[in-house]
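Everything on this sheet refers to the single structure shown next.
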Amino acid sequence: MNQAAASALDAERNHECILEFAGVQLVADPAGCLYWPQERLLVFSDLHLEKGSSQAVRGRMIPPYDTGATLKMVRDCINRWQPSSVISLGDSFHDGGGEGRLPDEFRQLLTDCMTGRDWVWISGNHDPMPPAALGGVAADVLALGPLTFRHEPLPQSGCGEISGHLHPQARIVRRGKSVRRRCFATDGSRLIMPAFGAYTGGLNIRDKAFSGLFDLSRLHAHVMGRERIYTIDSKQLV
Amino acid sequence: MSKPRPDGFAQADLFLTLPKPFIDWFGEKGWQPRAHQLELLGRVQGGESMLLIAPTGAGKTLAGFLPSLTDLAMRARRKPGEAHRGVHTLYISPLKALAVDIKRNLETPVAEMGLPISIETRTGDTPQHKRQRQKLIPPEILLTTPEQLALLIAAGDAARFFEDLEVVIFDELHSLVTSKRGHLLALGLARLRTFRPELKTIGLSATVAEPDELRRWLVSQGPMGEIHMSGVIEVAGGAKPEITILKSRERVPWSGHSARYAMSEVYEAIRAHQTTLLFVNTRSQAELLFQELWKINDDSLPIALHHGSLDVSQRRKVEQAMAANALRAVVATSTLDLGIDWGDVDLVVHIGAPKGASRLAQRIGRSNHRMDEPSKAILVPANRFEVLECQAALDANYLGAQDTPPLREGSLDVLAQHVMGTACAGPFNAAALHAEVTSSAPYAALSRADFDRIIDFVATGGYALRSYEQYARIRLTADGSWRLTHPRFAQQYRLNAGTIIEAPMLDVRLTRSRAKGANARGGPVLGKIEEGFLESLVHGDTFLFAGKTLRYEGIRENACFASTANDRDPAIPYYAGGKFPLSTYLAEQVRTMLSEPERWKALPEQVGEWLAIQKAKSILPKRDELLIETFPRGERYYMVAYPFEGRLAHQTLGMLLTKRLERAKARPLGFVATDYALAVWGLMDFGRMFSRNELSLSALFDEDMLGDDLEAWLDESFLLKRTFRYCATIAGLIEKRHPGKEKSGRQMTVSSDLIYDVLRSHDPGHILLEATRADAAQGLLDVHRLGDMLSRIKGRIVHKGLEQISPLAVPIMLEIGKESVAGDAQEALLAEAADELLKESML
């Protein structure tokens, strides 16, 4: 048995998914965040806070609970991993006005999550400017050891890039049934994170938006199941 | 139009009240108006609203229009310089095509009589310039659809446009009123009555089970719950149809829906007649039947295919050929059900069970439009249970029984749409609008509190978390009226009005095999298939569509690309649409027939034998009993129940039973449901558990399963998500899909599934969830029917423990494997896919 398979088995026993990525070990959490134990760093991508209210402004009164739902999941993940720092990998707010529309209750929830740890806002296309009054530090790109964190994957980036933006989803068809879920997509040198927000949709990683980003022979989808991650070979994806 | 017909009593006086051009016209044609036509005329002239129930071919259309035509013929012409008058008569039809058809049929007599009456249609196809002109210079008679009416009354000039309205005619009323479309239309009618309180309505309907429901629907209901009804005229049915069940030389199969066994006999019937209409219940059956017939069409008879998924141009071609009597046969689904004239059809063949006695009667009405001659029909059951069902339907047709579904209470999502539409037309007062809404029959019982919740929903979404007040779409102003806060919301409304929410469909384009990327964009459009079905295909899979076997090449943007395949045995597309559950009435008939061996003589011999063996080996239940059989097979134990309550109710029952069995540690593994029966299997011997009293049958089937168990399951069910999408779209919470724009919106819009999950966990009492549950309970889950069944069988459950499968159980056992339990199934598939990777890595 090769080493990758052995660690995959280990992880499976613990219902954890450990990714060997650019020489470091990362844990893909079934909730959709990524933990780097060595640095005690937790990463969320594409929270799209206040997406609900961005629609309400235009007359679509979709339920205003998305921010609350997203932030409670963020809080749960933070409680689970107890990170010393957190990266929010861009598109943290759905639009420039999102921070202003944040109801007080949720502003408090977010502030509680940020208290006692470093917090980095990576800029995204939906939120090129960092939140004005929430604290934390802002950056377009962040390099940490062998890893580079940015919102939008760069086609020519080197090994170790972790990004979001594309909201990857994997789809399989078995026995005439189609299953579609969010996933972490990686070929070992690039990793694209699933969108974390409660109202964020997804894009099939077979879509042309992903073309040229991955070495298809090494691409795996780490698919978010109800309680665990399922690692699925790209050959099985449709 | 009418032929001379002795009516037995003097109509001379009424006849003479007709304006002269009409008397002359009837005289020239050698016709006489029929009694019901004159009676309707007289009563509408006297100010009554009327329901006319008549079979096809009774001159219903002329009857409906006669009051308007005579009124218009006598009214003084508009002098030059006088203001244009508003619409005099509004005609609402369920189908665009029907409106167009009626216009043609009406224009001929109007032209022949030289009447100065303008008749125009207004449908989704009417060009913008014509719509604008219609607003300025309205026609006297406007023919339109429910959706267009909703748009007309949501316009700022609605009150003026309808200020001269005298008559509203509802064609095919029996089919309009049973859906949410009917709810919206009822609200629209209430609005029209506010504009014109003296308005008269005329409903034209086929025979229905409860005429009084339609009579209520047509008129304003009293503010204190008083029931008002329109007048009614019922025209007795024409000649009895000649219906037979195909007595096949071949073996009738145990299960399946294709009726492939009977193909050569069906083909012979087509050859022996001039024009045959072949009805099936689903689009996939239509595709299959068409394919099978052409395989044996040695005479190259012109046989065509017609169903709602085919491209419009192809459908029109078939319709024209049909009207010109150029076809020998058409294979069709319900798209042809409604009253369009189809040339001289002399035979109707119904493949598969008709599912309802009224449905059968209406479909057979397609054949032979002259009501004095008998229609001719052959029923072709696809399996043995369907033989029973066909016989029951046939008996019912001879008895004249009707089993049209009862009308449902008006749904709240439709009300939300209507409230928004009302606001688009102008400010409204909540109390007055509530009074107006409750004057319509479907909403007569709507409380003021629920109405106010709907207003709140329209304004800000009506959430417990009140964070959207500042973005309200309508707002209560100082004068006590609700007003739209921005005109762009009216625009948004117009794009989303209506209650017809299509399942997401993709165009199917024909391309060359293995055409790659950019090359594969061209190719003609064959029609549309539901995205859900296409998602389950992988490259190279074959399926039957538009009469061709196609190979799936892939999906790009909003189209599915497919090439011609030569496969003999394609995977067949099964569409979600077009599956009707067995009607309660027919189900009862089938149960009765099972319990009365003397009636089996009417059945084909092999079916009678099948029942006789069942009787010898197991039990045939009495009419009100529920038979439960248990037996082992392979390494599993089976329990088969025969409630005959339709697939939907059985599926719901199956879900609830497996939950209970799990709790009782009986370890169920899965279940499968058909229209007639339900089979559950598992690892424990259910039969032994029953006989040792470890498991109580009466507790298992107790009505209390419809309480908490149902609630718990409902909330998890994917069926509820689907229902929520419909409700949320109709209520205006999420945008309707507009062809060609779906993809671009993906980043911006939020999927209804995600909204549902969030809403359910944070605002479980929200009014839209309430509406969704009510809808699902009545529709997809058939909970009421299940409840009726559970109370009927109380104390009447008969258990038969068997050593092996019984004859009656064979059909459902053959269905196993075609379906599986939802819920954890998705996780299981993911785990399987993941395991494969693991296996590979260990090689």
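The values are calculated or read from the model by the stated rules, or taken from the named source; none is laboratory data. Everything quoted here is computed from the prediction, not taken from an experiment. Cβ coordinates were reconstructed from backbone atoms using ideal geometry, including for glycine residues, and neighbour counts include every protein chain displayed. Surface accessibility is based on the protein's heavy atoms, side chains included, excluding ligands, DNA and RNA. Shrake-Rupley method; radii C 1.70, N 1.55, O 1.52, S 1.80 Å.
Could you calculate the FRET efficiency of B:Q45 with B:N325 from 1/(1 + (r/R0)^6), where r is the beta carbon distance between them and R0 is 45 Å, rounded to 0.05?
On the way: r = 39 Å, r/R0 = 0.87.
Efficiency for this residue pair is about 0.70.
Quick check: residue separation of B:A449 and B:K665 times 0.36 nm, minus the Cα distance between them. What number comes out in nm?
Details: separation 216, 0.36 × 216 = 77.76 nm, distance 4.49 nm.
Full extension from B:A449 to B:K665 adds 73.3 nm.
How many nm separate the modelled label positions at B:D346 and B:E832, each set 7 Å beyond the Cα in the direction of the Cβ?
For B:D346 paired with B:E832, the spin-label model returns 5.3 nm.
What FRET efficiency would be calculated for the residue pair B:E703, B:T126, taking the C-beta separation as r and a Förster radius of 51 Å, to the nearest 0.05? Provide the component values of the computation, followed by the final result.
Values: r = 52 Å, r/R0 = 1.01.
So, using R0 = 51 Å, E works out to roughly 0.50.
Which lysines have a Cα less than 22 Å from the Cα of B:K29, not counting those fewer than 8 places away in the same chain?
B:K3, B:K20, B:K60, B:K103
Given a Förster radius of 41 Å and the C-beta distance between A:V57 and B:R633 as r, what FRET efficiency does 1/(1 + (r/R0)^6) yield to the nearest 0.05?
On the way: r = 60 Å, r/R0 = 1.47.
The formula returns an efficiency of 0.10 here.
With +1 on each Lys and Arg Cβ and -1 on each Asp and Glu Cβ, and nothing else charged, work out how big the dipole of chain B is about its Cα centre, in Debye to the nearest 20.
1660
Which of B:L142, B:G59, B:S93 sits closest to the plus end of the dipole of the stretch B:48-151, meaning its Cα is farthest towards the positive end, when Lys and Arg get +1 and Asp and Glu get -1 on the C-beta?
The residue sitting farthest along the positive end of the dipole is B:L142.
Below 20 Å, Cα to Cα, which aspartates and glutamates can B:K317 reach? Residues fewer than 8 away in the same chain don't count.
Answer for B:K317, where 20 Å is the Cα cut-off: B:D101, B:D125, B:E287, B:D337, B:D341, B:D344, B:D507, listed by chain and number.
Size of the dipole of the stretch B:242-399 about the Cα centre, Lys and Arg at +1 and Asp and Glu at -1 on the beta carbon, nothing else charged, in debye to 20?
Details: 18 positive and 19 negative charges, 66 e Å.
Dipole size: approximately 320 debye.
So what's the back-of-envelope 222 nm ellipticity for chain B, counting only DSSP H runs of four-plus at -39500 (n - 2.57) apiece and dividing by all residues, rounded to 500? Numbers along the way, then the final one.
Details: 33 runs with 344 residues, N = 843.
Per the formula, -12000 deg cm²/dmol.
Find out how many positive minus negative residues lie around A:D66, taking Lys and Arg as positive, Asp and Glu as negative, among other residues whose Cβ is under 14 Å from that of A:D66.
On the way: positive: A:K51, A:R60, A:K72, A:R101, B:R760; negative: A:D46, A:E50, A:D91, A:D95, A:E105, B:D753, B:D757, B:D763.
Net charge in that neighbourhood comes out at -3.
Lysines within cross-link reach of B:K721: Cα-Cα under 26 Å, excluding same-chain residues under 8 positions apart?
By straight Cα distance, B:K721 reaches A:K51, A:K72, A:K177, B:K180, B:K528, B:K579, B:K659, B:K736, B:K741, B:K743, B:K818.
Counting only heavy atoms of protein chains, what accessible area per residue, in Å², does the stretch B:242-399 have with a probe of 1.4 Å? Numbers along the way, then the final one.
On the way: 5470 Å² over 158 residues.
For the stretch B:242-399, the solvent-accessible area averages 35 Å² per residue.
Just the number: Rg to Rh for chain B, Cα atoms, Kirkwood Rh, two decimals.
Working: Rg = 28.5 Å, Rh = 29.4 Å.
With Rg and the Kirkwood Rh in hand, the quotient comes to 0.97.
Ratio of alpha-carbon Rg to the 2.2 N^0.38 Å globular estimate for the protein assembly as shown, to two decimals, please. Walk me through the numbers before you get to the answer.
Values: Rg = 31.9 Å, N = 1081, 2.2 N^0.38 = 31.3 Å.
Its radius of gyration relative to the 2.2 N^0.38 Å reference: 1.02.
Just checking the output field for B:752-762: average partner chain Cβ neighbours within 10 Å of each residue's Cβ? Intermediate values should be presented prior to the final figure.
Numbers: counts 1, 1, 10, 8, 1, 5, 11, 6, 2, 5, 8.
Mean partner shielding for this stretch: 5.
Kindly provide the helix-only [θ] at 222 nm of chain A, computed as the sum of -39,500 (n - 2.57) over DSSP H runs of four or more divided by all residues, to the nearest 500 deg cm²/dmol? List each step's numbers first, then the result.
Details: 5 runs with 48 residues, N = 238.
Roughly -6000 deg cm²/dmol at 222 nm, from the helical runs in chain A.
Report which residues of the stretch B:458-490 become buried by 50 Å² or more of accessible surface when going from the isolated chain to the complete set of protein chains (1.4 Å probe; DNA, RNA and ligands ignored).
Those residues are B:L465, B:Y468, B:Y471.
Name the residues of the stretch A:61-77, by number, that are at least 40 Å² less accessible with every protein chain in place than in the isolated chain; the surface is that of heavy atoms, probe 1.4 Å, without ligands or nucleic acids.
Residues meeting the cut-off: A:M61, A:I62, A:P63, A:P64, A:Y65.
For chain B, what relative contact order do you get, as a whole percent, if you take Cα pairs closer than 8 Å and at least 6 residues apart? Don't jump to the answer; show the numbers that get you there.
Numbers: 1467 pairs, mean separation 91.8, N = 843.
After rounding, I find 11 percent.
Can you give the net charge of the other residues whose Cβ lies under 13 Å from the Cβ of B:P807, counting K and R as +1 and D and E as -1? Before the final figure, lay out the partial values.
Details: positive: B:R384, B:K615, B:K617, B:K800; negative: B:E609, B:E629.
Surrounding charge for B:P807 is +2.
Counting DSSP beta bridges with both partners in the protein assembly as shown, what percentage is antiparallel, nearest 5?
Details: 67 of 140 bridges.
Antiparallel bridges make up about 50 percent of those DSSP assigns within the protein assembly as shown.
Going highest first, how would you order A:102-113, B:118-129, B:258-269 by mean Cβ packing within 10 Å? Intermediate results must be reported in sequence, preceding the final value.
Values: A:102-113: 16.2, B:118-129: 14.4, B:258-269: 18.6.
Ranking, from highest mean packing down: B:258-269, A:102-113, B:118-129.
Please list B:644-650, B:826-832 highest first by mean number of surrounding beta-carbon atoms within 10 Å per residue. All intermediate terms of the calculation are to be shown ahead of the outcome.
Working: B:644-650: 25.7, B:826-832: 17.6.
Taking the mean over residues of other Cβ atoms within 10 Å, the ranking is B:644-650, B:826-832.
When the accessible area of the stretch B:231-287 is split by element with a 1.4 Å probe, what percent falls to carbon and sulfur?
Working: 1180 of 2470 Å².
It is 48 percent, rounded to a whole number.
Buried accessible area for the B:A pair, summed, 1.4 Å probe, in Å² rounded to 100? Walk me through the numbers before you get to the answer.
On the way: alone 37140 and 11770 Å², together 44010 Å².
Roughly 4900 Å².
Find out how many positive minus negative residues lie around A:S54, taking Lys and Arg as positive, Asp and Glu as negative, among other residues whose Cβ is under 11 Å from that of A:S54.
Values: positive: A:K51, A:R58, A:R60, A:R101; negative: A:E50, A:D66, A:D95.
Around A:S54, the charge tally is +1.
Would you mind listing how long chain A runs along its three principal axes, going by Cα atoms, in whole Å with the largest first?
In descending order, the Cα extents are 53, 41, 36 Å.
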